[in-house]
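Down below is the structure, laid out as structure tokens.
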Amino acid sequence: MNRQNGAARPYDVVLFGATGFVGVLTAEYLASHAPDGCRWALAGRDRAKLERLRTRLTALDPRCADLPLLEADADDAGSLRALAESAHVVATTVGPYVWYGEKLVAACAEAGTDYTDLSGEPEFADRMFLEHDTRARETGSRIVHACGFDSVPHDLGAYFTVRQLPEDVPLRIDGFVRSNAVFSGGTFASALTAMGRGPQMLRAAKERRLHEPRLAGRRVRAPLGRPRFSAETGTWALPLPTLDAQIVARSARALARYGPDFRYRHYASVKHLPVALGGTAALGALLGAAQVPAARDWLLGRYEPGAGPDAERRRRSWFTVRFVGEGGGRRVFTEVSGGDPGYDETAKMLAESALCLALDELPATSGQVTTATAMGDALLERLRAAGLRFRVAAVR
């Protein structure tokens, strides 16, 4: 076991925000899949809710009857410091992270504790890099954002695709995302919050670029691309301005295996043109409404945080990310796919990321790092064993 910060800490993994919608799903996954000898605990601000969750988990595994419960509040730096100092890894579902996430990142960076979250918020990732990357590097803490559907399938999918291509040549990869899933109130709140913070997001991104080390002798790009018909997938490709492409680019910056000149583009894949046009119009309307505080507050009130699709709806949900990679005269088509992306699979990804950081032999990294950089092959194999599919569809 790679408990890198010493065996004195009582817990390998602590799940913070365990009683929220995705938190409960993650706790259930850990109850069913955490290996013998893994010491894990539930954390949140409401002990009564934690006790009810422990009772629910005990029905899955009687050993959960003794599962430790830790009280902590996202706004209480002292409780978060104690939480971070008790664990090797803290996994958190408490968002929107730009509002509720920084104090926990700060506590983990100071304590040398590994940290994972589900944030798809570019501003949050950039701000945490600026404020806490240096201290995390000093203490050995690994700060790993976006350990759910944002952005594990895309980051590890691009990593998997790169491995099918020649080394030391320019590489070009396009990712195409399809899904039939629905979202929860927490996801909607995070997305709408990010949309309404355009100026702050741009400022944080600009400041990060000023402070990030420049690449020497290599180039990495993640341009937005343009709407087009993709002959490779037979669908309409709409550029996705999400955190996913930024995460892929950060992995490419950190890993020389991505070649001397790497480019990644990220798209939503839509079969029918009217649906593509309607989706684009709806997204534009939502983006406009997010700029008006009254409209944004009204929209946030339509979806209750902590609620989400029921088990039957999640059972019918699926996702596919198809990658087209080119380099050195070789062209490969790969695919990452699974079930309900936003909740069942996201809970699986977060739990396996935390277990991977706590228990596996991994590269020596620290600071703000990506899933591909920090965990790479180990997490990819964990997720394959857990039911996600990574496959090579064709080589030309």
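The values are calculated or read from the model by the stated rules, or taken from the named source; none is laboratory data. Note that the coordinates shown come from a computational prediction; the quantities given were computed from them, not determined experimentally. Methodologically, a virtual Cβ is constructed for each residue, glycine included, from the backbone with ideal geometry; neighbour enumeration extends over all protein chains shown. For the accessible areas, the whole protein counts, side chains as well, though only heavy atoms, and no ligand, DNA or RNA atoms are used. Shrake-Rupley method; radii C 1.70, N 1.55, O 1.52, S 1.80 Å.
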- Task: Return a yes/no flag: does region 171-194 have any residue that is modelled with pLDDT of 95 or more and open to solvent by 40 Å² or more (accessible area, probe 1.4 Å).
- Result: yes
- Give the residues of region 365-396 that are among the aliphatic types (A, V, I, L, M) and modelled with pLDDT of 95 or more, sorted by residue number. Val369, Ala372, Ala374, Met375, Ala378, Leu379, Leu380, Leu383, Ala385, Ala386, Leu388, Val392
- Task: Output the qualifying pairs, or none if there are none: Cβ atoms under 8 angstrom, residues six or more apart or on different chains, first residue in region 55-78 and open to solvent by 100 Å² or more (accessible area, probe 1.4 Å) and outside any strand (DSSP E or B), second residue modelled with pLDDT of 95 or more and among the aliphatic types (A, V, I, L, M).
- Result: Arg56/Val24
- Task: Tell me, yes or no, whether region 242-255 has at least one residue that is open to solvent by 60 Å² or more (accessible area, probe 1.4 Å), closer than 26 Å to Trp99 by Cβ and either of a type outside the set (Asp, Glu) or not in a helix (DSSP H, G or I) (or both).
- Result: yes
- Note on the structure: Scanning region 10-48 for residues that are assigned to a helix (DSSP H, G or I), in contact with a helix residue (DSSP H, G or I) (Cβ under 7 Å, 6 or more places away or on another chain), open to solvent by less than 40 Å² (accessible area, probe 1.4 Å) and not aliphatic (A, V, I, L, M) gives Thr26, Tyr29
- Of the residues in region 107-143, how many are under 19 Å from Glu212 (Cα atoms) and not β-branched (Val, Ile, Thr)? 21
- Query: Residue check: is Ala204 touching an Asp or Glu at 6+ places or on another chain (Cβ under 7 Å), aliphatic (A, V, I, L, M) and outside any loop (DSSP other than H, G, I, E, B)?
  - Reply: yes
- Name the pairs whose Cβ atoms lie under 6 Å apart, with the first residue in region 211-239 and at negative phi, the second modelled with pLDDT of 95 or more and small (Gly, Ala, Ser), and 6 or more positions between them or separate chains? Val220/Ala249; Val220/Ala252; Ala222/Ala245; Ala222/Ala249
- Message: Could you tell me how many of the residues in region 138-185 are assigned to a helix (DSSP H, G or I) and under 14 Å from Thr242 (Cα atoms)?
- Response: 4
- Query: Right, Tyr303: buried (at least 19 other Cβ atoms within 10 Å of the Cβ) and modelled with pLDDT under 95 or not?
  - Reply: no
- Residue list for region 112-137, filter: surrounded by 24 or more Cβ atoms within 10 Å (Cβ to Cβ), assigned to a helix (DSSP H, G or I) and aliphatic (A, V, I, L, M): Ala125, Met128, Ala136
- Applying the selection to region 91-111, what residues are surrounded by fewer than 24 Cβ atoms within 10 Å (Cβ to Cβ), touching a residue at least 60 places away in the same chain (Cβ under 8 Å) and not aliphatic (A, V, I, L, M)? Pro96, Trp99
- Task: Determine whether Leu238 is open to solvent by 40 Å² or more (accessible area, probe 1.4 Å), of a type outside the set (Asp, Glu), in contact with a helix residue (DSSP H, G or I) (Cβ under 9 Å, 6 or more places away or on another chain) and not in a helix (DSSP H, G or I).
- Result: no
- Message: Given the condition assigned to a helix (DSSP H, G or I), of a type outside the set (Gly, Ala, Ser) and either closer than 18 Å to Gly367 by Cβ or open to solvent by less than 70 Å² (accessible area, probe 1.4 Å) (or both), answer yes or no: does some residue in region 222-229 qualify?
- Response: no
